[in-house]
1. What number of residues within segment B:45-90 satisfy the criterion of being assigned to a helix (DSSP H, G or I) and of a type outside the set (Val, Ile, Thr)?
2. Can we say A:Glu83 is under 22 Å from A:Gly30 (Cβ atoms), exposed (fewer than 14 other Cβ atoms within 10 Å of the Cβ) and either in contact with a helix residue (DSSP H, G or I) (Cβ under 6 Å, 6 or more places away or on another chain) or at pLDDT below 75 (or both)?
3. Pull out all pairs, ordered by first then second residue, where Cβ-Cβ is under 7 Å, the residues are six or more apart or on different chains, the first lies in segment B:96-111 and is surrounded by 12 or more Cβ atoms within 10 Å (Cβ to Cβ), and the second is of a type in the set (S, T, N, Q).
4. Going through segment B:145-170 one residue at a time, which ones are surrounded by 19 or more Cβ atoms within 10 Å (Cβ to Cβ) and in a loop (DSSP other than H, G, I, E, B)?
5. Would you please name the residue that is nearest to the chain's Cα centre (by Cα), looking only at residues in segment B:143-163 that are among the polar types (S, T, N, Q) and modelled with pLDDT under 95?
6. How many residues are part of a strand (DSSP E or B) and over 20 Å from the mean Cα position of the chain (by Cα) when one looks only at segment B:113-142?
7. Any residue in segment A:37-57 that's more than 7 Å from chain B (Cβ to nearest Cβ): show its pairings with residues that are assigned to a helix (DSSP H, G or I) and hydroxyl-bearing (Ser, Thr, Tyr) at Cβ separation under 9 Å, as long as the two are six or more apart or on different chains.
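The values are calculated or read from the model by the stated rules, or taken from the named source; none is laboratory data. All values derive from a computational prediction rather than experimental measurement. Every residue, glycine among them, receives a Cβ derived from its backbone with ideal geometry; neighbour counts consider all protein chains shown.
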Amino acid sequence: MHTMATPPPFEHFYVEHRDIVLGFLRRRLGAQAAEDAFQETFLRALRAYDRLQHGDHLRAWVLTIAARLVIDSGRRARPVAHELPELPVEDGRPAYAEIEHLADRLPPTERAAVVLRYAYDLAYDDIALALDSTPEAARQAASSGVRRLRAGRIHDRLT
Amino acid sequence: MTVSPDLDRRFREAAAAEHLLDLGFDVVESPIGPLLVAATERGVARIYFDADPELHLERLARAYGPRVLRSPVLVDAARRQLDEYFAGSRSSFELDIDLRDAAPFAKQVLGELSRVPYGQTTTYGTLAAKVGAPRAARAVGTVMNRNPIPIVLPCHRVVGSNGSLTGYAGGLDVKERLLRLEGALL
């Protein structure tokens, strides 16, 4: 069941997610850079926190902020190698630009999986962490989200 | 992966330094037991005798906004002055206070209360008369009972007209102890 509760006091949100966020950042950036990114992640979360409409999917939300920072720091270091995949790639993944405007229509879990996978390039292990599920379930959520988007797009074209 | 105390402290300091908090809180140790002190950038907002944050955070977030974080920095001034008060070296608090959610009558009564000097007592009736409502002793009692910032706003100095201690949110033994500390009781 989904609850549309208001966001918890920031202290609860922070204590619940700080270890997960630091772990994610260390895997992506190494111990030293992870500390700076950790602080910036939660400062960004704090800046946006009073505008959150509800307290659902906070883990995916904060990992999305962290992933965004990882991408930005990669851009600064290596401007080309870490660009977002804007073109369709060989393994059949959709380019994110192709699906971004449609993702809002997906059920929350599929939407989070699709965005984390294709907008932020997270591995399924990390998406599983974000969604509090397993890597396999995360993979399924992302792929069924993409299927739904493709079906929706075809449907849009037909109508 | 555990966040080190140092990294945790740096984040909490940065959050306060960037003025991102609706409210900061911390536990302040005292001779009458741990106190939970909460403050906004405007000033001290709450002191609780039940120091467990879990009892209060949800309510504080509803009253002041969701960006509530443990923040030693925001309560530093209060902590220092409370330490001095309990050590007997401070007889009046010089702290800004934030009573934004108090009703007008309560604000008026608490303002008058803050002028009751260290080491002296007054009565509910006297306080009621001072705010121009001499028959409102009982309403004044209710305001004392719900005083959001005890000790700093000295409701322990308000006693019954017969000199009895009547009541106190922190317990009558605490009220007696504070009055003894101030030399108001022998």
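1. Total meeting the criteria: 25.
2. yes
3. B:Asp98/B:Thr40; B:Leu110/B:Asn147
4. B:Asn147, B:Pro148, B:Ile149, B:Ile151, B:Val152, B:Pro154, B:Tyr168, B:Gly170
5. Here is the first cut: in segment B:143-163, the residues among the polar types (S, T, N, Q) are B:145, B:147, B:161-162.
The next check asks that each one be modelled with pLDDT under 95; those that pass are B:145, B:161-162.
Values: B:Asn145: 12, B:Ser161: 24, B:Asn162: 26 Å.
Filtering segment B:143-163 for residues that are among the polar types (S, T, N, Q) and modelled with pLDDT under 95, the one nearest to the chain's Cα centre (by Cα) comes out as B:Asn145.
6. Going residue by residue through segment B:113-142, those that are part of a strand (DSSP E or B) are B:122-123.
Okay, now just the ones that are also over 20 Å from the mean Cα position of the chain (by Cα), so none.
Matching residues across segment B:113-142 total 0.
7. What qualifies is A:Ala37/A:Ser73; A:Ala45/A:Tyr14; A:His57/A:Thr109.
Condition check ((1) surrounded by fewer than 17 Cβ atoms within 10 Å (Cβ to Cβ); (2) of a type in the set (A, V, I, L, M, F, W, C); (3) modelled with pLDDT of 95 or more; (4) farther than 25 Å from B:Leu36 by Cα) across all residues:
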| site | (1), (2), (3), (4) |
| --- | --- |
| B:Tyr118 | yes, no, yes, no |
| B:Leu172 | yes, yes, no, no |
| B:Leu179 | no, yes, yes, no |
| B:Leu186 | yes, yes, no, yes |
